[in-house]
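**Q** Let me give you the structure first, and then I'll get to my questions.
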Amino acid sequence: MSPDHTDHTDHTSKVVGTVWGLLVLNTLGSAGAKTIIPLPRSLIQMVTMGALVAAFALALAVNLRLRIRASAFVFLLTLLLVSSVISSANLESGFGALFRCARLALFVGTLWLLSRWWDGGLTFVRRHIRMYFAVLGSVAAGLLISPGAAMPELYGGRLVGALWPLTPPQIGQYAAVIIGLTVLLVLGRRTTKGSAAVVIVPSLVLLALTHTRTATLGLLIGLVVAIGSLVLTSAAARRFFAWAVLCAMVAAVAFASALQAWFLRGQSKENFSSLTGRAKVWDALLAAPRTTSEELFGMGLGDKSFGGLPIDNSWLAVYHEQGMTGVALVAAIIIVLGGVALLRPPSLSRACAIFLISYCAIASYTEAGLGDASPYLLHLAVAASLLAAPAAATPLSVPDVPRQHIPRWARRSEVT
């Protein structure tokens, strides 16, 4: 391989990594806690939307020939985009719905362009960990600079983003995902224990400070399912699983009261049973009258709220905005990715994909995002890249050598 080709490959890899980082920036959102330095929401939206436009432009620049890989995941996202445009065209949710459709179109288009580099390897897993670890680094910096702003009373003393407006569930989600992926990389011996500790330990501290139950349960259940897929083929996975079960049993006995207090977050049993008031919003949404068109295609892309309150459920948010068509497509995404993962032979890539799919499925019950450009779709995109079949090696072409005419007398002499 020539040095020029190697330099070009390294440059392309860096550009693809930059595109992924811009997609992460775009999905951070613009709503959250008050930051140390007040940031106008219009400025934050300009930055996040600009990041998406830049991501699409860079992805197009490194893939000018529009080479893409067949991907059921991105194809289903494209169908979801079409459904979203149909539901948003009547402007029931205002012109903002069309803007959100344009954002989703750029997001899906960028994933199509990146699909060329989906080969079943762990490259996008490492990029995912690096990008979200950088986001958590900004959260930790805000905590050190201003602990009061990072853990305000408005959020019950839970950790928020003090430099960039991030809510406790967002921080908990990012921490849980990179903890789970890093643990799997350690089990697969794709990183050192020291490097993993640098990621896992501070992320665990930030996760604990957010008091995010969904992220914690998603992390634990996702790891159990993912490591379970490696148990038959990995001795390290078997040892880790046995130690994890033992430690969990000891912790459950020794710290039962502390764990219960952390889990309840000081809420009453009534508030806890109604999922912090979410159930009331869900009941009102399901009881609202709808036309046949709204039942099939929804009200159009919105801010994932109903009656001014957040829906906090991916399936009901999709039902509200994209109708039963959207629900069917999102369900197909989860089922297809899960089915492909189950059909793959045991491997580290498969385990990472199973963890991401499991986490998103669990979080979908109390978090919205599966029907629009969001971190959850990025998690599933990483899973799709892990489940993609490796690209077939292109055989070296052998130049055609013209056959020389051999006189008949020469052929006779060769025979004799």
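**Q** So how much slack lies between Y365 and K34, counting 0.36 nm per residue of separation and subtracting their Cα-Cα distance, in nm?
**A** That works out to 116.5 nm of additional length.
**Q** What nm value, rounded to one decimal, do you get for the distance between A102 and R67 when each label is placed 7 Å out toward the C-beta?
**A** 3.2 nm
**Q** While we're on this one: Working out 0.36 nm times the residue gap between R130 and W243, then minus their Cα-Cα distance, what length gain in nm do you get to one decimal?
**A** 37.9 nm
**Q** Can you tally the net charge around G21? Count Lys and Arg as +1, Asp and Glu as -1, for every other residue whose Cβ sits under 11 Å from the Cβ of G21.
**A** Net charge around G21: +3.
**Q** Something else now. Quick one: net charge of L81's neighbours, Cβ under 11 Å, K/R +1, D/E -1?
**A** +1
**Q** Once the Cβ-Cβ distance between S305 and S13 is put in as r, and R0 is 45 Å, what FRET efficiency do you end up with, to the nearest 0.05?
**A** FRET efficiency, S305 to S13: 0.70.
**Q** Relative contact order for the stretch 44-187 using alpha-carbon pairs under 8 Å, separation at least 6, rounded to a whole percent?
**A** 20 percent
**Q** Let me ask something else about it. How large a share of the accessible area of the chain, in percent, is made up of carbon and sulfur atoms when the probe is 1.4 Å and the other protein chains stay in place?
**A** Carbon and sulfur together cover 68 percent of it.
**Q** Determine, at each q value in 0.20, 0.23, 0.25 (inverse angstroms), the log₁₀ of I(q)/I(0) that the Debye formula gives when each Cα of the stretch 94-161 is one equal point scatterer.
**A** Reported log10 I(q)/I(0), two decimals: -0.86, -0.90, -0.96.
**Q** Report, in degrees rounded to the nearest 10, the 0 to 90 angle that the Cα long axis of helix 235-254 makes with the longest principal axis of the chain.
**A** Rounded to the nearest ten degrees, it is 0.
**Q** For the chain, set up a Gaussian network in which alpha carbons nearer than 10 Å are linked by springs, and say which option among S195, S358, S347 fluctuates the most.
**A** Maximum fluctuation in the GNM of the chain, among the listed residues, is at S195.
**Q** Over the chain, average the accessible area per residue using a 1.4 Å probe and give it in Å², no decimals.
**A** The answer is 50 Å² per residue.
**Q** Determine the calculated [θ] at 222 nm for the chain from helices alone, applying -39500 (n - 2.57) to every DSSP H run no shorter than 4 residues and normalising by the residue count; nearest 500 deg cm²/dmol.
**A** The helix contribution divided over the chain gives -22000 deg cm²/dmol.
**Q** A further question follows. Roughly what percent of Cα-Cα pairs across the chain reach past 35 Å?
**A** 33 percent
**Q** Then there's this: When the chain is treated as a GNM, springs tying every alpha-carbon pair under 10 Å, which of M151, M131, M249 comes out with the largest mean-square fluctuation?
**A** Maximum fluctuation in the GNM of the chain, among the listed residues, is at M249.
**Q** Please give the net charge around D372, taking every other residue with its beta carbon less than 11 angstrom from that of D372, where Lys and Arg add +1 and Asp and Glu add -1.
**A** +1
**Q** Using a 7 Å offset from the Cα along the Cα-to-Cβ direction at both T233 and E295, what is the distance between the two label points in nm, to one decimal?
**A** With each label point 7 Å from Cα toward Cβ, the separation is 4.6 nm.
**Q** Follow-up question, since we're still on this one. Counting only protein chains, not ligands or nucleic acids, how are V24, V224 ordered by accessible area (probe 1.4 Å), most first?
**A** Largest accessible area first, the residues go V224, V24.
**Q** Normalising by the residue count of the chain, find the relative contact order in percent from Cα pairs under 8 Å and 6+ residues apart.
**A** 21 percent
**Q** For Cα pairs less than 8 Å apart in space and 6+ apart in sequence, what is the mean separation divided by the residue count of the stretch 118-269, i.e. the relative contact order in percent?
**A** 19 percent
**Q** Could you check the simple spin-label distance between E153 and I221, using points 7 Å along Cα→Cβ, in nm with one decimal?
**A** Between E153 and I221, the label points sit 3.6 nm apart.
**Q** Which residue fluctuates most in the GNM of the chain (Cα springs below 10 Å): A55, A279, A244?
**A** It is A244.
**Q** What does the accessible area of D312 come to, in Å² to the nearest 10, when a probe of 1.4 Å is used?
**A** 40 Å²
The values are calculated or read from the model by the stated rules, or taken from the named source; none is laboratory data. Since the model is a prediction, treat every value here as computed from it, not as a measurement. Please note: Cβ atoms are built from the backbone with ideal geometry, for glycine as well, and neighbour counts cover all protein chains shown. Remember, those area values only see protein heavy atoms, side chains included, never the ligands or the DNA or RNA. Shrake-Rupley method; radii C 1.70, N 1.55, O 1.52, S 1.80 Å.
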